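**Q** Please see the structure below; I have some questions.
Where a number appears in this text, it was derived from the coordinates with a stated rule and is not lab data. Keep in mind it's a predicted model, so treat the numbers as computed, not measured. With ideal geometry, Cβ positions are generated from the backbone for all residues, glycine too; neighbour counts draw on all protein chains shown.
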Amino acid sequence: MRYSLNDQQCQNIEVSSRREWLLTNGIGGFAMGTACGINTRRYHGHLVAATRPPTQRTVLLAQIDATIQGEGNPVGISSNQYPGTIFPEGFQYQQSFSVSGEAATWAFRAAALSIEKTLVVHSGVNAVSIYYRNTGNKPFLLTLRPLVCHKFYHANFVEHAGYPQGLQFPKDLTQISDNGVSLYIGHAGAQRVPVEGWYYRFEHARETERGLDPRDDLFCPCELKYEMLPGEQIVLVASDRSGVAPIAFPESPESPEYRLTSMLQQAAKPFFVHTDERASIIAGYPWFTDWGRDTMISIPGLCLNTGRVSEARRILSDYASQCERGLIPNRFVESGEHPDTNTVDATLWFANAIYKTLLTEWDEPFAWRMLATLEGVFDWHVEGTLFGIKVDPSDGLLTQGQEGVQLTWMDAKVGDWVVTPRHGKPVEINGLWINALRVMEWLSAKLAKVSSADLRHQPSVYAAAAEKASSNFEAKFWHEGRGHYLDTADPDDASLRPNQVIAMSLPLVKFDVDHAKRALEIVSRELVTPCGLRTLGPDEPGYRGRYKGPLRELDSAYHQGTAWPWLLGPYATALVRYADDRTEAKRVLKQAKQMLTSYGLGGIAEVYDGDEPQDPAGCPYQAWSVAEILRAWVEDVGGD
């Protein structure tokens, strides 16, 4: 699938600077930027290397300044934002931009000169090949100035004495080293001019909007000059290791494929990472890493509906190996670190992902390993584990909560302020708990036919626990006066939120059909938007319809009305299951076509404003936004 902008869109800076592209290398590194070429985020760059895959990322090659010169004056074909100005203004000469899963391509025409730039990310290594091709019928001089840094991708970079610590100029190669990391730029055939110097005060507009320091300084180690005849092509290779050869220039793409299934399956690819230590799913680009909750929610859509069943098993096995006190990590363990298990739902989503994976493809050895982990999950949740997570013996429902800790997916925290604490018994957590118990019952029953002696608990134990929780669920959560389910019980919170829909969508949980229909009518009227479900009803106290401003404002609005695309998946499932409305579910999910082009090209945003006009925000590429829409599109509405 290829996404493209034409000349009018490219030359409209308001459009082209807000369309981002992403290419990933499969180990956590990436290249990312905008259609117009301006780096509008501190995270943007031609080479953002996973120096400790998959999570430790370093921006190395931030940008390349480029000019072409024929018989007249040189013309800049790159674009950079400085305070109050853009220079050069290469976007004014831009004829097109396109990106697929393999490459990003810019085309420029200035007077009689034409040039095309293509960036390709290497798979499995931190490297990019960057091609420039004379596509016109006039020769020109191409001058390139690599703009480099060595910065942690969350940080800013400013001129400082001693940078870089090492700078070497062997034949056809420039090596820039700092703090134990080297950037190698291979430039065969270039006339190199070692004009070292700093470029100051690059400004990143999206960071300004988030109230963060928007400015970086970048270092130029040299100029590279090429005299290019019509049809000639040159290539740079940037990598964190020496000896990396350029990869083949990608062939011209096939005609665009606009089937939503194909578009979503293509959108799934960037999130998978494989390293020597683990396989996992990146929660979102550019700033998230792999998180337990996001990964488990995403497995059915991203893995099972794209034919990656073996990857699902590998991911689940890797997380199971880190299960502690009945909880899988919310943040995966890195060398020498202790896992963060501050989540009540990741482990319950883990059980659901196991069930869906085994339904897709039965694997007995894997099933035994997963059951062993789930048996421990059951014991710890019944006895009580971290953060007050424990089954209430009076009703069989799961309670949780600890002062100052956010445990559900509504996990925004500003300083010591937990914005949506949801202590007690959240509705989706108890739907997930009942679902997990039914998974344990199902799995132990299947394996009991092989060897019941190897089971820690008989299926009847899980069945009894599930029956007890199920029998108390409706009485505990249904609010007749409001006509929908409580968001939390004990203490009761009747705020209108979408979490009840998550519980309705779970495969092994059965709601009262009349109650579910009535709740869905209210949710459809008050929470559903074209781009996702609002996280709080617009008539509720504390509703925030705009997700804008500095970080504190963003975090305080995160789950207080902001619309989340991933919730369209559970909503569509619930519509089909309880309202028997496949037509409406399909209509709602089809909005994904527009979302795939409105922010990150080929990705779906993390969030949108709750109020119209719904601007996208947060991560431009969010795993569960793609995953849940894809899952529901394939499984519930049979979309094509």
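**Q** Based on Cβ point charges of +1 for Lys and Arg and -1 for Asp and Glu, what charge dipole magnitude is obtained for the range 496-640 about its Cα centre, in debye rounded to the nearest 20? Don't jump to the answer; show the numbers that get you there.
**A** On the way: 17 positive and 20 negative charges, 28 e Å.
Dipole about the Cα centre, nearest 20: 140 debye.
**Q** Suppose a student asked you for the relative contact order of the range 177-321, using Cα pairs under 8 Å spaced at least 6 residues apart; what percent would you report?
**A** Reported relative contact order: 17 percent.
**Q** What's the exposure ranking of Arg482, Arg145, going from fewest to most Cβ atoms within 10 Å? Don't jump to the answer; show the numbers that get you there.
**A** Details: Arg482 15, Arg145 20.
Ranked by crowding around the Cβ, least crowded first: Arg482, Arg145.
**Q** Pick out, from Ile604, His559, Gly549, the residue whose Cα sits farthest towards the positive end of the charge dipole of the range 496-640, with +1 on the Cβ of Lys and Arg and -1 on the Cβ of Asp and Glu.
**A** Ile604
**Q** Where in the range 544-615 are there trypsin sites (Lys or Arg not before Pro) that are in a DSSP coil and have at most 16 other Cβ atoms within 10 angstrom of their Cβ? List each step's numbers first, then the result.
**A** Numbers: sites: Arg544, Arg546, Lys548, Arg552, Arg577, Arg582, Lys586, Arg587, Lys590, Lys593; in loops: Arg544, Arg546, Lys548, Lys590.
Within the range 544-615, the qualifying trypsin sites (Lys or Arg not before Pro) (loop, at most 16 other Cβ atoms within 10 Å) are Arg546, Lys548, Lys590.
**Q** Okay, moving on. Could you list Ser262, Ser298, Ser100 in order of exposure, starting from the residue whose Cβ has the fewest other Cβ atoms within 10 Å?
**A** Numbers: Ser262 13, Ser298 32, Ser100 20.
The order, fewest Cβ neighbours first, is Ser262, Ser100, Ser298.
**Q** Another question about this same structure. Given the options Phe387, Pro300, Leu316, identify the residue whose Cα lies farthest towards the positive end of the charge dipole of the range 272-479 (+1 on Cβ of Lys, Arg; -1 on Cβ of Asp, Glu).
**A** Pro300
**Q** Can you list the lysines whose alpha carbon sits under 21 Å from that of Lys117, skipping same-chain ones fewer than 8 residues off?
**A** Here the lysines satisfying the reach criterion relative to Lys117 are Lys138, Lys225.
**Q** Next question, about the same structure. Spelling out what I want: for every residue of the range 176-182, take phi, set θ = phi - 60°, compute 6.51 cos²θ - 1.76 cosθ + 1.60 (Karplus), and round to whole Hz; glycine and proline get x.
**A** Residue by residue, the range 176-182 yields 10, 10, 7, 6, x, 10, 10 Hz.
**Q** Nearest 10 degrees, 0 to 90: what angle lies between the long axis of helix 346-360 and the longest principal axis of the chain (Cα atoms)?
**A** 90
**Q** Also: Explain nothing, just the number: dipole magnitude of the chain about its Cα centre with +1 on each Lys and Arg Cβ and -1 on each Asp and Glu Cβ, in debye rounded to the nearest 20. Don't skip to the answer; put the middle values down first.
**A** Values: 60 positive and 77 negative charges, 184 e Å.
For this selection, approximately 880 debye.
**Q** Let me ask something else about it. Under a cut-off of 18 Å between alpha-carbon atoms, report the lysines in cross-link reach of Lys269, not counting same-chain residues fewer than 8 places apart.
**A** Partners found: Lys593.
**Q** Using only Cα atoms, find the angle between the long axis of helix 513-526 and the longest principal axis of the chain, and express it within 0 to 90 degrees, rounded to the nearest 10.
**A** 30
**Q** Near Lys425, which lysines are there with a Cα under 17 Å away, not counting those fewer than 8 places off in the same chain?
**A** The reachable lysines, counting only those whose Cα sits under 17 Å from Lys425, are Lys390, Lys468, Lys476.
**Q** Among Trp291, Trp433, Ile328, flag the residue with its Cα farthest along the positive direction of the charge dipole of the range 272-479, charges on Cβ as +1 for Lys/Arg and -1 for Asp/Glu.
**A** Looking along the dipole axis, the top candidate is Trp433.
**Q** Could I ask something else about it? Quick one: which residues, 5+ away or cross-chain, put their amide H under 5 Å from the amide H of Tyr82? H built at 1.01 Å from N.
**A** The list, which skips near neighbours in sequence, is Phe87, Glu203.
**Q** Helix-derived [θ] at 222 nm for the chain: sum -39500 (n - 2.57) over DSSP H runs of at least 4, divide by residue count, nearest 500?
**A** Numbers: 17 runs with 181 residues, N = 640.
One gets -8500 deg cm²/dmol as the mean residue ellipticity at 222 nm.
**Q** Counting alpha carbon pairs within less than 8 Å and at least 6 residues apart, what relative contact order, in whole percent, applies to the chain?
**A** Working: 1477 pairs, mean separation 71.6, N = 640.
The normalised contact order for the chain reaches 11 percent.
**Q** Tell me the label only: which of (i) 8; (ii) 16; (iii) 21 is percent of Cα pairs over 46 Å apart as calculated from this structure?
**A** This structure yields the entry labelled (iii).
**Q** Moving to a separate point now. Tell me, what HN-Hα J-couplings in whole Hz come from the Karplus equation 6.51 cos²θ - 1.76 cosθ + 1.60 at θ = phi - 60° for each residue of the range 90-105, using x for Gly and Pro?
**A** Running phi through 6.51 cos²θ - 1.76 cosθ + 1.60 with θ = phi - 60° gives x, 4, 5, 9, 7, 9, 6, 9, 8, 9, 10, x, 9, 7, 10, 9 Hz.
**Q** Right, another one. Applying a 10 Å radius around every beta-carbon, put 54-66, 513-525 in order of their mean neighbour count, most first.
**A** Numbers: 54-66: 23.4, 513-525: 17.6.
Ranking the peptides 54-66, 513-525 by packing returns 54-66, 513-525.
**Q** As an exercise, identify the GluC sites (Glu not before Pro) in the range 1-80 lying in DSSP coil whose Cβ has no more than 14 other Cβ atoms within 10 Å. Walk me through the numbers on the way to the answer.
**A** Values: sites: Glu14, Glu20, Glu71; in loops: Glu71.
Qualifying residues, ordered by number: Glu71.
**Q** Using the Cα centre of the range 3-239 as the reference point, and only Cβ charges (+1 on K/R, -1 on D/E), how large is the resulting charge dipole? Debye, rounded to the nearest 20. Intermediate values should be presented prior to the final figure.
**A** Working: 19 positive and 21 negative charges, 73 e Å.
Once rounded to the nearest 20, the dipole reads 340 debye.
**Q** In the range 273-342, what GluC sites (Glu not before Pro) fall in a loop by DSSP, with at most 10 other Cβ atoms inside 10 Å? All intermediate terms of the calculation are to be shown ahead of the outcome.
**A** Values: sites: Glu277, Glu311, Glu324, Glu334, Glu337; in loops: Glu277, Glu334, Glu337.
Counting only loop positions with at most 10 other Cβ atoms within 10 Å, the GluC sites (Glu not before Pro) in the range 273-342 are Glu337.
**Q** Cut-off is 10 Å between beta-carbons; in what order do Tyr199, Tyr184 appear when sorted fewest neighbours first? Don't skip to the answer; put the middle values down first.
**A** Working: Tyr199 18, Tyr184 21.
Going from sparsest to densest Cβ surroundings: Tyr199, Tyr184.
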